[in-house]
Amino acid sequence: MHNFDDLIYRSTAFTLNALEEANSKILNELQTGASSIAVKNLQMIQLQKVILATGMFSIFESILQEELSCRNGFEEAKKILIQKGKDELHDRFIDFYYAINVLKHGKGKSYDILVAKSGSLPFRIKMPGENFFEEGDVSEVSTFVEVDGQFVLNCADLIEQVSEEIRIE
């Protein structure tokens, strides 16, 4: 069977490079004239990053459930990380787990937990009452978690590290 954590990192890097190339071309086009199509394409690129991050976590959960023979792969992985004394990795995994939940479901318990921890997170969340991450950024899509290339790479890196600790091949 394929090594998911290796493939997801390669796939993520490939996709982000292609998205960055497209983004650069569109930004160059906008230097010479405004275009609604160009703005929508910038937003599409941002949305694709959200889809990539949530998709990789969803597939990872499925693989965890199969490999660990359980109904809730994330809960089982969290238990293993705690048992192995990997507290920092566990905590980072939880933060991204909540972030993915917020991307999928919007405001709720996960969002409230992230708001309470907002100063110590490795990514930005939209605080209550905030409408934009960067007002005037025409590429921004409506999410409560800022999903940029670094966020997506961090997701892939986290999957790789958690996989290594629980020995998923």
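Being in a loop (DSSP other than H, G, I, E, B) and within 20 Å of the chain's Cα centre (by Cα) narrows it down to one residue among E134, E164, E160; which is it?
Criteria check complete, one pass: E134.
When region 150-169 is examined, which residues are found to be open to solvent by less than 20 Å² (accessible area, probe 1.4 Å) and either farther than 24 Å from I80 by Cβ or charged (D, E, K, R) (or both)? Those that are open to solvent by less than 20 Å² (accessible area, probe 1.4 Å) and either farther than 24 Å from I80 by Cβ or charged (D, E, K, R) (or both): F151, V152. Residues of region 22-60 being farther than 23 Å from F96 by Cα, small (G, A, S) and open to solvent by less than 30 Å² (accessible area, probe 1.4 Å), which ones? Hit for region 22-60 is A38, nothing else.
Looking at region 129-143, I want the residues that are closer than 18 Å to S35 by Cβ and have a partner that is assigned to a loop (DSSP other than H, G, I, E, B) and open to solvent by 80 Å² or more (accessible area, probe 1.4 Å) with Cβ atoms under 8 Å, at least 6 apart or on another chain. Which pairs are those? Sorted first by the residue in region 129-143, then by its partner, the pairs are E140/F132; E140/E134.
The set of residues from region 127-149 being within 14 Å of Q46 (Cβ to Cβ), among the aliphatic types (A, V, I, L, M) and open to solvent by less than 70 Å² (accessible area, probe 1.4 Å) comprises V141, V145, V147. Out of curiosity, is G106 of a type in the set (G, A, S), under 17 Å from the mean Cα position of the chain (by Cα) and loosely packed, with under 14 Cβ neighbours inside 10 Å? Against the criterion (of a type in the set (G, A, S), under 17 Å from the mean Cα position of the chain (by Cα) and loosely packed, with under 14 Cβ neighbours inside 10 Å), G106 qualifies.
Residues checked against (1) over 15 Å from the mean Cα position of the chain (by Cα); (2) open to solvent by 80 Å² or more (accessible area, probe 1.4 Å); (3) in contact (Cβ under 8 Å) with a residue 12 or more places away in the chain:
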{"position": "S62", "(1), (2), (3)": "yes, no, no"}
{"position": "G73", "(1), (2), (3)": "yes, no, yes"}
{"position": "E76", "(1), (2), (3)": "yes, no, yes"}
{"position": "F96", "(1), (2), (3)": "no, no, yes"}
{"position": "I125", "(1), (2), (3)": "no, no, yes"}
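Scanning region 106-123 for residues that are touching a residue at least 24 places away in the same chain (Cβ under 8 Å) and in a helix (DSSP H, G or I) gives Y111, L114.
Checking each residue of region 85-93 against the condition of being under 14 Å from the mean Cα position of the chain (by Cα) and under 24 Å from L16 (Cα atoms) gives at least one match.
Tally the residues that are over 17 Å from Q161 (Cβ atoms) and among the basic types (K, R), restricting the search to region 1-36. Residues that pass the stated criteria total 1. Check whether at least one residue in region 125-144 is touching a Lys or Arg at 6+ places or on another chain (Cβ under 6 Å) and within 18 Å of T54 (Cα to Cα), and report yes or no. There is at least one residue in region 125-144 that is touching a Lys or Arg at 6+ places or on another chain (Cβ under 6 Å) and within 18 Å of T54 (Cα to Cα).
The values are calculated or read from the model by the stated rules, or taken from the named source; none is laboratory data. Just so it is clear, the structure is predicted and the values come from calculations on it, not from any experiment. Glycine gets a Cβ as well: all are built from the backbone with ideal geometry, and neighbour counts include every protein chain shown. Surface areas here come from the heavy atoms of the whole protein model, side chains and all, with no ligands, DNA or RNA. Shrake-Rupley method; radii C 1.70, N 1.55, O 1.52, S 1.80 Å.
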